Amino acid sequence: MNYFDYAATTPLDKEAAEVYVKVATEYFGNSSSLHDIGGQAHVLLENCREELAALLGIDKDGLFFTSGGSESNFLAIEALLSSPKKQGNHIITGMAEHSSIHGVLNRLTNYDITFLPLNSLGLIDEEELLAAITPETVIISIQHVNSEIGTIQPIKSIAQICKAQNIHFHSDFVQSFGKIELSGIAPLVSSFSFSGHKIYGPKGIGGVYIHPAISWSPFFPGGSHEKGFRPGTMNVPAIASMTAAAQKINRDLADAYHKYQLMRKTFIEALNPIKDWVKIYQANDDAQLPSIIGLGISGIEGQWMMLEANRLGFAISTGSACQIGMQTPAKVTQALGLNKQEAKEFIRISFGNSTTMEDVIRLGETIIEIAKQYKNADLC
């Protein structure tokens, strides 16, 4: 099976797996315990916090470990709400945000929520954002990279708007962590989330940054771990493994980005025989993560294309894995204003470190074969 769903999850890196096993067997103490074995685990935990903070260009005192991106998004929003810069009951976010953002906001019945669409390039319109701000706006939450089409939002510009308007800014960094240099923008936001399993680290581990100047109150009362930010014994083996994966992937950022740019170009060119049927949802190169391609093929439902590709040995998807189980269209299709038929046609291709150019070409040929067979059968 040729895997083209790296935006959903990645295989555990071999070296990161070795780190996990070593820490789980040799540094197994509870990092909160006061004896020497617990102390060893605590030292390792804090070393990991320092290493990740250095990679991200942030103060380690604002970095907390969680079970992953979804929990991080939830706790970040709750932390910012517990310490607003001003009084108000209005929040602005994107229609295409991850389901965990929609989940936490939907439970806030005392707040007015504005959901912004994406423009034709898959980006938040800054003029629309400015127009949506009211004196009551206390949080803006915009993801850095969209998980379904890979567009890169202008975080620096949005951060400047938030600073000028005295508004907290949260950003979901799950799809950009380990794929884009973040040290220049991470310190600009009030909070951000990240996850280990998107960067060849283990599942069930991630982190959240809350700017140390924010005096948050814990959502879960009475916890003693992570300065009371969340309860539960620290998963030191997974944290160490994620840290190792992050260090490794960040060493190769520029080369990987260039590799995926070539693969993207090759894949799109491979679809030339059916280019009149293909619609690719993307931004210009400077605002596009090259490893994620969101597209639709006219007249062919994405789920059918995904199943046929799977039958022929290629794993692709119809959008975010967190959304698929709900049997609803990918949120990005609604944000882009696609009609019901266009939304059903959506599929996602995503590259990773094991993807080869030959795999990319064969996937393109396979999609052409599937499309032509479907169209011919439809004409019969």
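The values are calculated or read from the model by the stated rules, or taken from the named source; none is laboratory data. Given the structure is predicted, the values throughout are model-derived calculations rather than measurements. So basically every Cβ, Gly included, is an ideal-geometry build from the backbone, and we count neighbours across all protein chains shown. Keep in mind that these areas ignore ligands, DNA and RNA; they rest on the heavy atoms of the full protein, side chains included. Shrake-Rupley method; radii C 1.70, N 1.55, O 1.52, S 1.80 Å.
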Original post:
Does Ile249 count as surrounded by 19 or more Cβ atoms within 10 Å (Cβ to Cβ) and in contact with an Asp or Glu (Cβ under 9 Å, 6 or more places away or on another chain)?
Top reply: yes
Original post:
In segment 1-27, how many residues are assigned to a loop (DSSP other than H, G, I, E, B) and farther than 12 Å from Ala240 by Cα?
Top reply: 10
**OP:** Residue by residue through segment 277-310, note down the ones that are farther than 23 Å from Tyr257 by Cα and of a type in the set (Val, Ile, Thr).
**Re:** Val278, Ile297, Ile300
**OP:** Among what's in segment 300-314 and is under 16 Å from Pro329 (Cα atoms) and not in a helix (DSSP H, G or I), pick the residue that is least open to solvent (accessible area, probe 1.4 Å).
**Re:** Ile300
Subject >> Filter result (in a loop (DSSP other than H, G, I, E, B) and open to solvent by 10 Å² or more (accessible area, probe 1.4 Å)) within segment 64-93 >> reply: Ser67, Ser83, Pro84, Lys85, Lys86, Gln87, Gly88, Asn89
Original post:
Quick check: is even one residue across segment 282-293 part of a helix (DSSP H, G or I) and crowded, with 21+ Cβ neighbours inside 10 Å?
Top reply: no
Original post:
Just one of Ser176, Ser147, Ser157 is open to solvent by 10 Å² or more (accessible area, probe 1.4 Å), under 20 Å from Tyr257 (Cα atoms) and either assigned to a strand (DSSP E or B) or among the polar types (S, T, N, Q) (or both); which is it?
Top reply: Ser147
**OP:** Could you tell me whether segment 121-128 includes any residue that is surrounded by 16 or more Cβ atoms within 10 Å (Cβ to Cβ) and either free of Cβ contacts under 8 Å to residues at least 12 places away in the same chain or among the small types (Gly, Ala, Ser) (or both)?
**Re:** yes
Original post:
Among all residue pairs at least 6 apart or on different chains, which show Cβ distances below 7 Å where the first residue, located in segment 50-74, is within 13 Å of Pro187 (Cβ to Cβ) and without any contact (Cβ under 8 Å) to a residue 40 or more places away in the chain and the second is acidic (Asp, Glu) and open to solvent by 40 Å² or more (accessible area, probe 1.4 Å)?
Top reply: Ala53/Asp59; Lys60/Glu50
Original post:
When Lys203 is evaluated against the numbered criteria (1) outside any helix (DSSP H, G or I); (2) surrounded by 22 or more Cβ atoms within 10 Å (Cβ to Cβ), which criterion, by number, is the only one it fails?
Top reply: (2)
Subject >> So Ala256, is it of a type in the set (Gly, Ala, Ser) and touching a helix residue (DSSP H, G or I) at 6+ places or on another chain (Cβ under 6 Å) >> reply: no
**OP:** Scan (1) open to solvent by 30 Å² or more (accessible area, probe 1.4 Å); (2) farther than 18 Å from Ile239 by Cα for the single condition Tyr20 breaks and write down its number.
**Re:** (2)
**OP:** Give Gly296, Gly319, Gly325, Gly302 a once-over and let me know the one that is at pLDDT below 95 and more than 30 Å from Asp255 (Cβ to Cβ).
**Re:** Gly325
**OP:** Go through segment 270-281 and give me each residue that's open to solvent by less than 10 Å² (accessible area, probe 1.4 Å) and either under 27 Å from Lys179 (Cα atoms) or under 17 Å from the mean Cα position of the chain (by Cα) (or both).
**Re:** Leu271
**OP:** Inspect segment 187-197 for any residue being assigned to a loop (DSSP other than H, G, I, E, B) and either within 10 Å of the chain's Cα centre (by Cα) or within 18 Å of Gln288 (Cα to Cα) (or both) and give the result as yes or no.
**Re:** no
